[in-house]
Structures are given as C-alpha cells and as structure tokens.
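Below you'll find the structure, written out as structure tokens, and then a few comments.
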Amino acid sequence: MATDKMIMEKDGPVGRMIFNNPAKFNAVSMEMWEGAVEILAEFEKDDDIRVVVVSGAGGKAFVSGADISKFEKERGSQESVDRYGEAVTAAYNGLQVFPKPTIAMINGYCIGGGAGIAVCCDMRICSDKSKFAIPAAKLGLGYTYEHIRKLSDLVGPSFAKEIFFTARQFDAEEARVMGLVNRVLPEAELEAYVEDYAQKISENAPLTIAQVKLTVGEILKDPDNRDLDACDAAVSKCFDSKDYIEGRQAFMAKKRPQFIGQ
C-alpha cells in the first residue's frame, strides 16, 4: 500500500478493507480514497476472496467524512476539486459495482463520505452506538446526482431529503427504520456477528451471488440503460457451471456443497 492510512487484510475467503485514521475518526484524505480503489482491485483479482468487509480502525468511527484539514490542499482550486471528486467517485463506484459481496461493519460515527461508502456496500451492519449523518448543508457542499441517487435508492426519497435537509445525526435504530442499515447489534457482538455472516456468504455459490448482485444493480438503473442480456447470460452461466452440479449432488447426499466458482 502507498499509504498506511488504509489496511488490507486477507483471512481465507474474507478480505478486509480498513480505514485507518483513528486520530481523526477515520476522516478520509485523497490518499485514502485512492488506497481504497487499490485494495478493491486487489481483492477483485484474488479468486480466494469471496466477501469483503469494510470497517474503520479505533472503535469510535467507521468513517467520519472527509478530512477537512486537507481541504485547502486537496480541494482549494477547481482543478483539485475535480481531481478529488474523481477519486471519491472511483472509490464509490468501485464498491458499487464490485462483483463480490461487500459488508460495511459500522461501529461509531458514519458521517458524510462515510455514509457514502456504507451506502455503496451491499449490506450495512452496525453497532447500537453508531451515528449517521450527511452534514453537507452545514458546510455548503454540493452532492452529485449519482451520490444522492444511491442514497435515495436505498432509503427512499423522503428519508434521503430528511437526511440532507436536517444534516443531523441519526442513531442506529433510526437508521434501521429508514433502511439505511440491515442489522443493529450490541457493540460487543458486532465483530463476531459480521465475521459469521461473511463466512456464511463465502460458503455459498459465488456465481449465484454474482448473478444476483449484477441483476439488482441493473434493476436500480434507468430502464433504458438496463443490460438484460447480461442478466440472462449470468443466469445461464450458473446453470452451466460445475457448482450447479455440485449443489444438486450435495443436496441429494445431504452434505455441505463445496463451491469453486466455476
């Protein structure tokens, strides 16, 4: 890694991407956005990795947003603003279209860009002490169509407006009610729960999971932009796979299937 502010770990079929700036509640700088893209590229090409867990170091925050102390350097001119925006978009899109399942494990503050990162993951599981906010309206920041759409697709337009209009912090239960998170766990149980969830997912058929992720991604696009042929091809790939044979045979033999992603 080019920066020690991002940590990449591999544990069997589970990859971990950790935002590592705990002194600033894991506020993200340009080098961290770029590091996230680098890590995702590494995990994507590693066939042993079947699930990626995204988290923050230190136990107080997932990601607390952008590192405002670096705005003057990283976002002080139109050119630097454009470059920064490209880095953020690359990280967001990298998560959004990542072909393997992603889980945001959220413990503590999930603010601004942190919420954006979490929204781009497939699932969000948080501790009961977590707090969520997008304080753009308190900073005078603008959010692009795509960034707002990702949130609106997840929680609906009314809650998306509430999150942006109020710029306030929402607690874990409010986030669950909005559909912003899938599960809320006591802090002491969070890590073990996510680890167990990731292992369960890793044992299932990778081609089926990839096909479902692709299809849901197409559903979220505008109708004219959907690639239904790609969806059909992904289904055919499942039925033509060795894993489909393994799944049938394991079911009949009442044993756990051993999927290989082929």
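Any read-out appearing in this document is the output of simple, stated calculations on the displayed coordinates, not a laboratory observation. Every value quoted in this text rests on a predicted model; they were computed, and no experiment measured them. Cβ: placed from backbone, ideal geometry, glycine included. Neighbour counts: every protein chain shown.
Couple of notes before you dig in:
- Segment D196-N225, length gained on full extension (0.36 nm per residue, minus Cα span): 6.8 nm
- Net charge, T102 excluded, C-beta distance under 12 Å - Lys, Arg +1, Asp, Glu -1: +3
- Listed by chain and number, the lysines whose C-alpha is less than 18 Å from the C-alpha of K255, apart from same-chain residues fewer than 8 away, are K200, K242.
- The order of the peptides 167-175, 55-63, 182-190, 205-213 by mean Cβ neighbours within 10 Å, most packed first, is 55-63, 205-213, 167-175, 182-190.
- Per residue, the convex hull around the alpha carbon atoms of segment 118-211 comes to 107 Å³.
- Of all the options G217, G35, G116, the one that moves most in a Gaussian network model of the chain with Cα springs shorter than 10 angstrom is G217.
- Most mobile listed residue (F165, F19, F98) in the chain, GNM with C-alpha springs under 10 Å: F165
- Cα centroid separation - segment 24-62 against segment 127-156, whole Å: 19 Å
- Relative contact order of the chain: 15 percent, from C-alpha pairs under 8 Å at least 6 residues apart in sequence.
- Note on A188 and T89: the model spin-label points, each 7 Å out from Cα along the C-beta direction, lie 4.7 nm apart.
- Three principal axis extents of the chain based on alpha-carbon atoms, in descending order, are 60, 45, 39 Å.
- FRET efficiency for F251 and V212, using Cβ-Cβ distance with R0 set to 22 Å, rounded to 0.05: 0.70
- GNM on the chain, alpha-carbon springs under 10 angstrom: the most fluctuating residue among A27, A233, A198 is A233.
- Pairs from the table (K129/K221; K45/K213; K5/K150; K129/K213; K45/K221) lying more than 24 angstrom apart at Cα are K129/K221; K5/K150; K129/K213; K45/K221.
- The chain - mean residue ellipticity at 222 nm from DSSP helices (-39,500 (n - 2.57) per run, n ≥ 4, rounded to 500): -15500 deg cm²/dmol
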